[in-house]
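First comes the structure, then the notes that go with it.
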Amino acid sequence: MPSKKRAARNTPLIVGTISTLAGLKRLLRARRIPCHIVEIRFDLIGTRHLPEVLRLITKLKKRKRPRLPILGTFRSHREGGRARLAESKRVAYIESFYPLVDLIDIEASSQSTLQKLLKRAEIPIVISYHNFRITPSLPVLKRFVRSVVRRPETIAKIACNLRNPKDLECLRKLLRSSPSGRVAAVGMGRMGPLSRFWLPYQGSVLTYGFLDRSAASGQVSAEELAKFFRLKS
């Protein structure tokens, strides 16, 4: 889990997202990776490539420098994932990569799957909430955060469509009222890019950028984030 010292300095952990097989292959050859955590979007890379992805991740984990934690994500279709799968099938894919990742992201709406992973409690879990239309009210978001941070091994992640400065201010208030180092907030849509740089100064413990191609509306490159936050090579 991120340290309180890091969060207190308002220095976020930069999550660099990989959403293509070609991008993962390039990552293996890279001498420098501009992030603290690599997120593998298994759902975007595609299920037909899963055996190859697992092989490449095994090679990636053997590298000594840079050796970065891997966040595994197989997003459900209703929250932005590409694949339309029965939940039992998605769980089977998650089980296949679970032993190879250091953290995992599961949507709060996938309650049965989430509860199975919480019972295992072997690695930190990013419990995520996505709203592609609006930014919910502050009380709604606070309830979500409270439901997540009761457990020590979890991080609450919120991604909302930011339609105006009022929505951005809502996320700022949420972060300011939340436990340090336990909540990540990012925006999508027109004000999404701004949120990736500004919300970490309000307490967001993670900020997301792409390493190969954008995986979400409003996402900027991990390289831009690394330069802005002066991430050392």
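The values are calculated or read from the model by the stated rules, or taken from the named source; none is laboratory data. Values in this document were obtained by computation on a predicted structure and should not be read as measured data. Glycine gets a Cβ as well: all are built from the backbone with ideal geometry, and neighbour counts include every protein chain shown.
Scanning the range 134-177 for residues that are under 20 Å from L194 (Cβ atoms) and either part of a loop (DSSP other than H, G, I, E, B) or modelled with pLDDT under 95 (or both) returns I134, T135, P136, L162, R163, N164.
Among the conditions (1) surrounded by fewer than 20 Cβ atoms within 10 Å (Cβ to Cβ); (2) free of Cβ contacts under 8 Å to residues at least 40 places away in the same chain; (3) closer than 19 Å to A184 by Cβ; (4) not acidic (D, E), K116 misses just one, which is (3).
The test for being within 16 Å of I37 (Cβ to Cβ), in contact with a helix residue (DSSP H, G or I) (Cβ under 7 Å, 6 or more places away or on another chain) and not polar (S, T, N, Q) holds for I104. One residue stands out in the range 42-98 among those that are among the small types (G, A, S) and part of a helix (DSSP H, G or I): the one that is surrounded by the fewest Cβ atoms within 10 Å (Cβ to Cβ), namely S88.
For the range 198-233, a residue qualifies if it is over 14 Å from V15 (Cβ atoms) and not basic (K, R), and the qualifying residues are W198, Y201, Q202, G203, S217, G218, F228, S233.
Just one of the numbered conditions (1) more than 13 Å from the chain's Cα centre (by Cα); (2) in a loop (DSSP other than H, G, I, E, B); (3) crowded, with 19+ Cβ neighbours inside 10 Å is not true of A215: (1).
Cβ separations smaller than 6 Å between residues 6+ apart or across chains give the following pairs from the range 134-151 residues that are over 11 Å from L174 (Cα atoms) to residues that are in a helix (DSSP H, G or I) and acidic (D, E): T135/D167.
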